[in-house]
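Asks: My structure is below; once you've seen it, I'll send some questions.
No value in this document is a laboratory result; all are computed from the given coordinates. All values derive from a computational prediction rather than experimental measurement. Positions of Cβ are backbone-derived with ideal geometry, glycine not excepted, and every protein chain shown enters the neighbour counts.
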Amino acid sequence: MANSNLGAARLAKKDEFYTQWADIEREMNAYLEYDPDVFRDKTVLLPCDDPEWSNFTKYFALHFMDFGLKKLISTSYAPESNNGGAFYEPTLFETESPIYDADKSKTNGRVFTLVPEDFSGDGKIDLDDLQWEYLEGDGDFRSKEVTALRDKADIVVTNPPFSLLRDFITWLYDGEVKFSLLANMNAITYKEVFPLISGNRLWLGSTHFNKGMYFGVPEEFEYASSYKFEREIEGVRVARVAGICWFGNIDHGRRHESLQLITMEENLKFNKKVKDIGYPTYDNYDAIEVGWVDAIPSDCDGVMGVPITFLDKYNPDQFEIIANMDDHDDMKRIGVTPLSEEFIAGYRAAGGTGAQRAGGYWVGLRDPHRFPFKRIFIRARR
């Protein structure tokens, strides 16, 4: 039984990934460079962050006075409501508190608050002045309790559960708050997310996402045998997670930098990526395929299909986002015609094995017949 429990604990531990301080600092600095008062007189909520483990609370507590915060609120999720609950052991931080309750420790979430009051008496406001109490419920962000905290906040910053991202973003917009959060880049094409991006109500953060991000992992974390990246950074065990980026609606300077591009003629002459293949066209939509962001021609006035990595360099003053290839309603709206039997036959003859079929609204490329991977359609603003 002991060995079985240990194995289950190890599996639970695999889900524990902690955002590194440097990644939080780099992103927040981008907001501060654009607007030095972005956090001033604001209440910041961290709804998925226990300060005993999370760097988010520690970071904002350290900079409480520097940023001019009005209040910092952090909430944690009850141990018995997550995978590792059966193996949870409270820390001295909790057990040595006069309000410690052994039963609530496992079943209730906690809320931590920091206000401009020097409880520790050391002449500064920081983590030592953090006050805490048990929540009535388990700390789920969707609960009335945490939602009430959201309604008191101006800004939300966190690393939420990726599996609940759709619900989390809806929850944020229902509260009309500013926010910055970490998520997988594939969330860009979610039906709940893409309209916000194309409507300029949500955008990617300042940190480039095409290199992956390192997260702190527990000592028990087991690396796959094929893992070839760094396992330790500045004494902290880490694991690299590909395709992670910041999403939010807090402005930063990089989203206002224009892409430096060359003309189509210059690309066809000098850009090795397209000089031999040109700019293919779609069989069922009037647009050109641009497989690389650095091959976007500066003089194209029509619609272009580009990789979702374009959004890492998207300037809403330079380009307009038209549609998301993964959303067939979007495809109908912009005039994509249904795939023909002839095109599908050509696709199969070329070795295609995908689920696409005649009558569908996938965009297909000619010569040879194939389907591009995750494209968004854009047009230059003139």
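Asks: Nearest 500 deg cm²/dmol is fine: what mean residue ellipticity at 222 nm does the chain get from its DSSP H runs of n ≥ 4 alone, each adding -39,500 (n - 2.57), divided by its residue count?
Replies: Theoretical 222 nm ellipticity from helices: -6500 deg cm²/dmol.
Asks: For the range 246-343, run through the trypsin sites (Lys or Arg not before Pro) and keep only the ones in DSSP coil with at most 13 other Cβ atoms within 10 Å of their Cβ.
Replies: Here the sparse-neighbourhood loop sites are 272, 273, 275.
Asks: With both partners inside the range 2-255, how many of the DSSP beta bridges are antiparallel, as a percent to the nearest 5?
Replies: 70 percent
Asks: Which of the lysines could a cross-linker span from residue 42 if the Cα-Cα distance has to be under 25 Å and same-chain partners fewer than 8 positions apart are dropped?
Replies: Excluding near neighbours in sequence, the set is 58, 70, 71, 124, 144, 152, 178.
Asks: Pulled fully out, how much extra length does the chain show between residue 176 and residue 226, if you take 0.36 nm times their separation in residues and subtract their Cα-Cα distance?
Replies: 13.7 nm
Asks: When a/c is below 1.5 the answer is rounded, else prolate if a/b is larger than b/c, else oblate, so apply that to the range 259-380 with a ≥ b ≥ c taken from the square roots of the Cα gyration tensor eigenvalues.
Replies: Taking the square roots of the gyration eigenvalues as a ≥ b ≥ c, the range 259-380 is oblate.
Asks: In addition: Straight-line reach from residue 272: which aspartates and glutamates have Cα under 14 Å away, leaving out those fewer than 8 places along the same chain?
Replies: 294
Asks: Which length gain, in nm to one decimal place, applies between residue 192 and residue 103 when the Cα-Cα distance is subtracted from 0.36 nm times their residue separation?
Replies: My answer for the length gained is 28.2 nm.
Asks: What residues have an amide H closer than 5 Å to that of residue 238, excluding those fewer than 5 places away on the same chain, when H is modeled at 1.01 Å from N in the peptide plane?
Replies: Excluding prolines and chain starts, which carry no amide H, the hits are 217, 232, 233.
Asks: Lysines near residue 106 by alpha-carbon distance under 18 Å, same-chain residues fewer than 8 away left out - which ones?
Replies: Excluding near neighbours in sequence, the set is 13.
Asks: Fewest first, what order do 119, 343 take by the number of other Cβ atoms within 10 Å? Please list the in-between numbers first.
Replies: Values: 119 12, 343 19.
Lowest count first: 119, 343.
Asks: Here is a further query. Each residue of the range 164-177 in order: what ³J(HN,Hα) in whole Hz does its phi give by Karplus 6.51 cos²θ - 1.76 cosθ + 1.60, θ = phi - 60°, with x for Gly and Pro?
Replies: These are the phi-based 3J(HN,Hα) values: 10, 4, 4, 5, 5, 5, 4, 4, 5, 6, 5, x, 6, 10 Hz.
Asks: Specify whether the C-alpha gyration tensor of the range 15-72 places it in the rounded, prolate or oblate class, a ≥ b ≥ c being the square roots of the eigenvalues: rounded for a/c under 1.5, otherwise prolate if a/b is larger than b/c and oblate if not.
Replies: Since a/c reaches 1.5 but b/c is at least a/b, the shape of the range 15-72 is classed as oblate.
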